[in-house]
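Trainee: Provided herewith is a single structure, encoded as structure tokens, for subsequent inquiry.
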Amino acid sequence: MEKIYIVSKKGNEVIINFPTKYIDTGHKSIIRLKENYTEYGYLFKKMINIEKEKYTFNGGNFGYYECEIFDCENELVFDEYETFLGMVSLKIDFTMPQASIRTGIQVKDNGFIENTDVCVDKKKQIYFPKSEFQSKISEVFEDIIQNAQEFVYIQDPYFNYTFYITLIEKLPSNLDVKVMYAKDRKLNLPSNHKLTLIKDNNQDGKIHDRFIITKDFGYFIGISLNGQNVNKSSINYIYDTSDLIKYFE
């Protein structure tokens, strides 16, 4: 896909100059402006049917833009992302209770739909009584089964295969599955298991926390699953698993 800069800035105005081949050929463009890259919301969003070379809009005090061009069949033919113009003040509002980021965009009829993913959610329940905990674990397992990529790594010092069977035996066969556990535990493994087992070597401290991770996300779990019908527990979503992955390598 070609890379040419078609958006420029003059004061608070955003100026878009479209290449000739996109004019009056059924192409449309979507432009979105932010004050800066780390803001979650947009100052300005608009879809344009490309009928002339130059468009000018008042975009406010923007410093970052995203722009795409789609053909008459709504296929993406051009994009510009992570593009800065002018002075940019990088800031994040840590007080916001919930925020999403855009993960994709689709043209539909005379508008467009943005696919988003929650990246900040302070409203989300994270502490579960025993009456709700088992149901939540089932949701966690299903999320991992449906969305895991490349690998699934489990750390549980009291790992027992019996309590992970509904996860492990439904995982796609192409995933690398590793389990880190405390030494001298009874694991109740089937003879035909394909897990890579890693005993805790107590280096720089014993393992304690429980978590399940994959390439792009995971979950912290407060208790070992053998206590799920007895204890309350927290379950927290992990947005970045990179720091945890290295302990399995």
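Trainee: Under a crude label model (7 Å from the Cα following the beta-carbon direction), how far is E73 from H208 in nanometres?
Mentor: So the label points at E73 and H208 sit 5.9 nm apart.
Trainee: Using 0.36 nm per residue, how much length does the chain from E114 to L197 gain when fully extended, once their Cα-Cα distance is taken away?
Mentor: Length difference between fully extended and current span is 25.7 nm.
Trainee: Helix-derived [θ] at 222 nm for the chain: sum -39500 (n - 2.57) over DSSP H runs of at least 4, divide by residue count, nearest 500?
Mentor: Result for the chain, helices only: -3500 deg cm²/dmol.
Trainee: Here's a follow-up. Which of the following values of Cα Rg over 2.2 N^0.38 Å was calculated from the structure shown: (1) 1.05; (2) 1.35; (3) 1.27?
Mentor: It is the one labelled (2).
Trainee: When the Cα centres of the stretch 195-219 and the stretch 24-80 are compared, how far apart do they sit, in Å?
Mentor: 44
Trainee: Measure off 7 Å from each Cα along the Cα-to-Cβ vector at Y247 and K178, then give the distance between these two points in nanometres to one decimal.
Mentor: 1.2
Trainee: Ok, one more. What's the extension gain from K186 to N36 if we count 0.36 nm per residue and subtract their Cα-Cα distance?
Mentor: Length gained, K186 through N36: 48.7 nm.
Trainee: Hey, another quick one. Between K215 and T25, what FRET efficiency follows from the Cβ-Cβ distance if R0 is 41 Å, with the result rounded to 0.05?
Mentor: Given R0 = 41 Å and the Cβ-Cβ separation, E is 0.55.
Trainee: Shifting gears a bit: Any idea how far apart Y161 and S8 come out in nm if each label point goes 7 Å out from Cα toward Cβ?
Mentor: That separation, rounded to one decimal, is 6.7 nm.
Trainee: Let me ask something additional. Evaluate E = 1/(1 + (r/R0)^6) for Q106 and K170, where r is the Cβ-Cβ distance and R0 equals 35 Å; express this FRET efficiency to the nearest 0.05.
Mentor: Rounded to the nearest 0.05, the efficiency is 0.70.
Trainee: Considering only DSSP beta bridges where both residues belong to the chain, give the percentage that are antiparallel (nearest 5).
Mentor: The antiparallel fraction comes to roughly 85 percent.
Trainee: With charges set only on the Cβ (+1 for Lys and Arg, -1 for Asp and Glu), what does the dipole of the chain come to about its Cα centre, in debye to the nearest 20?
Mentor: Result for the chain is approximately 800 debye, rounded to the nearest 20.
Trainee: Under the rule of at least 5 residues apart or a separate chain, name every residue whose amide H is placed under 5 Å from the amide H of I223.
Mentor: Placed amide hydrogens put S234 under 5 Å from I223.
Trainee: Using 15 Å as the cut-off for backbone N distance, which residues of the stretch 226-247 belong to the label zone defined by a point 7 Å from the Cα of D143 along Cα→Cβ?
Mentor: Only 234-241 fall inside the zone, counting backbone N under 15 Å.
Readers should treat all values here as calculations from the given coordinates under stated rules, not as data from a laboratory. On a predicted model such as this, the values are computed, not experimentally measured, just so you know. Methodologically, a virtual Cβ is constructed for each residue, glycine included, from the backbone with ideal geometry; neighbour enumeration extends over all protein chains shown.
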